[in-house]
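S.K.: Dropping the structure in here first, questions after.
The values are calculated or read from the model by the stated rules, or taken from the named source; none is laboratory data. Just so it is clear, the model here is predicted, and its values are computed rather than measured. All Cβ positions, glycine included, derive from the backbone under ideal geometry; neighbour counts span all protein chains shown. Note: accessible area is taken over every heavy atom of the protein model, side chains too, but ligands, DNA and RNA are not part of it. Shrake-Rupley method; radii C 1.70, N 1.55, O 1.52, S 1.80 Å.
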Number of protein chains: 2
Amino acid sequence: MVDEYKLVIGVRKDLDMGKGKIAAQASHAAVNCALWAEKHDKKAFKHWESSGQKKVVIRLANKDELMRLKGESEILGLFTSVISDAGFTQVEPGSVTCIGIGPAEESIIDQITQKYPLL
Amino acid sequence: MVDEYKLVIGVRKDLDMGKGKIAAQASHAAVNCALWAEKHDKKAFKHWESSGQKKVVIRLANKDELMRLKGESEILGLFTSVISDAGFTQVEPGSVTCIGIGPAEESIIDQITQKYPLL
């Protein structure tokens with residue numbers, strides 16, 4: 001059986017961002033991950049794109065949890081994109097808001113992301 | 001003065017999607033728009049990417065409003081990506097959830113999107 005590929009986006013819950021803000025921040029992460037994979041991991045990109053660009057959005061408690069997940073992703077060799085907001089609205093300038101991970105094989109990325117609740 | 005480039009994502013309000021659902025649907029639209037521009041409108045992509053990938057998320061009342069905006073975008077020659085959800089959760093299978101427009105010059109895209117409220 002072929003493993004599915006997915007992109008995981010982790011969003012900080014503690015910043016209390018609104019729906020539109022979250023959508024924009026998550027989109028930044030997703031675009032960065034997709035463009036990176038298209039250039040540097042064509043196999044993952046192709047599998048992911050042709051199977052519907054699966055995306056899962058999870059909830060992270062705070063910046064510490066986000067940075068820990070970044071570290072765990074890197075140990076597994078997964079690409080990450082950490083998004084900082086310009087901070088004109090809602091959050092402090094430079095605040096880390098979310099992280100994109102992958103796209104990567106589900107069996108690998110799930111090892112570190114599956115324990116988090118969906119947003 | 002150089003015109004800024006931005007990508008606009010319009011999200012249907014009437015579906016009452018949760019934050020995570022909206023983030024995933026908006027990310028689909030954003031990724032499609034970014035990948036399209038990278039291939040087919042390199043000038044827009046380059047300007048948009050190098051100036052911070054500006055993204056604006058607006059609120060659309062319903063499917064009619066979304067499809068009207070798609071029509072108006074096409075009249076202006078702007079790329080659009082309409083997202084339909086597989087519908088496993090929250091919405092009916094095949095529901096149109098959001099639209100991505102651009103990236104395009106602000107002075108052009110604003111003509112048809114500026115009247116909508118931010119999400």
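S.K.: Could you grab me the full set of residues in the stretch B:74-119 that are touching a residue at least 12 places away in the same chain (Cβ under 8 Å), over 16 Å from B:I9 (Cα atoms) and surrounded by 12 or more Cβ atoms within 10 Å (Cβ to Cβ)?
M.R.: Across the stretch B:74-119, the qualifying residues are B:L76, B:Q90, B:V91, B:S95.
S.K.: Ok, one more. I'm trying to understand the selection: among the residues of the stretch B:45-92, which are within 14 Å of chain A (Cβ to nearest Cβ), not in a loop (DSSP other than H, G, I, E, B) and not aromatic (F, W, Y)? Give the derivation first.
M.R.: First pass over the stretch B:45-92, keeping only residues within 14 Å of chain A (Cβ to nearest Cβ): B:45-46, B:48-60, B:81, B:83-90.
Subset that is not in a loop (DSSP other than H, G, I, E, B): B:45-46, B:48-50, B:55-60, B:81, B:83-84.
If the condition is that a residue be within 14 Å of chain A (Cβ to nearest Cβ), not in a loop (DSSP other than H, G, I, E, B) and not aromatic (F, W, Y), then B:K46, B:E49, B:S50, B:K55, B:V56, B:V57, B:I58, B:R59, B:L60, B:S81, B:I83, B:S84 are the ones that fit.
S.K.: Please go through the stretch B:26-44 and pick out each residue that is in contact (Cβ under 8 Å) with a residue 12 or more places away in the chain, open to solvent by 40 Å² or more (accessible area, probe 1.4 Å) and within 11 Å of chain A (Cβ to nearest Cβ). Show your work before the answer.
M.R.: Step one: list which residues in the stretch B:26-44 are in contact (Cβ under 8 Å) with a residue 12 or more places away in the chain, which gives B:26, B:28-30, B:32-34, B:36-37, B:40-41, B:44.
Cutting the leftovers down to open to solvent by 40 Å² or more (accessible area, probe 1.4 Å) gives us B:32, B:36, B:40-41.
If the condition is that a residue be in contact (Cβ under 8 Å) with a residue 12 or more places away in the chain, open to solvent by 40 Å² or more (accessible area, probe 1.4 Å) and within 11 Å of chain A (Cβ to nearest Cβ), then B:N32 is the only one that fits.
S.K.: Oh, and also: Kindly indicate whether B:A23 is open to solvent by less than 10 Å² (accessible area, probe 1.4 Å) and either facing another protein chain (nearest Cβ under 8 Å) or under 14 Å from A:H28 (Cβ atoms) (or both). Steps first, please.
M.R.: On the way: open to solvent by less than 10 Å² (accessible area, probe 1.4 Å): yes; either facing another protein chain (nearest Cβ under 8 Å) or under 14 Å from A:H28 (Cβ atoms) (or both): yes.
Taking the combined requirement at face value, the residue satisfies it.
S.K.: Which residue pairs have Cβ atoms closer than 6 Å, lie 6 or more positions apart in sequence or on different chains, and pair a first residue in the stretch B:5-22 that is among the acidic types (D, E) with a second residue that is modelled with pLDDT of 95 or more and surrounded by fewer than 23 Cβ atoms within 10 Å (Cβ to Cβ)?
M.R.: Correct list of pairs: B:D14/B:N62.
S.K.: Right, here's the next one. Could you list, in sequence order, the residues of the stretch B:1-20 that are open to solvent by 10 Å² or more (accessible area, probe 1.4 Å) and at the interface with chain A (Cβ under 8 Å from one of its Cβ atoms)?
M.R.: Kept after step one, since they are open to solvent by 10 Å² or more (accessible area, probe 1.4 Å), are these residues of the stretch B:1-20: B:1-6, B:12-16, B:18-19.
Selection gives B:G18, B:K19.
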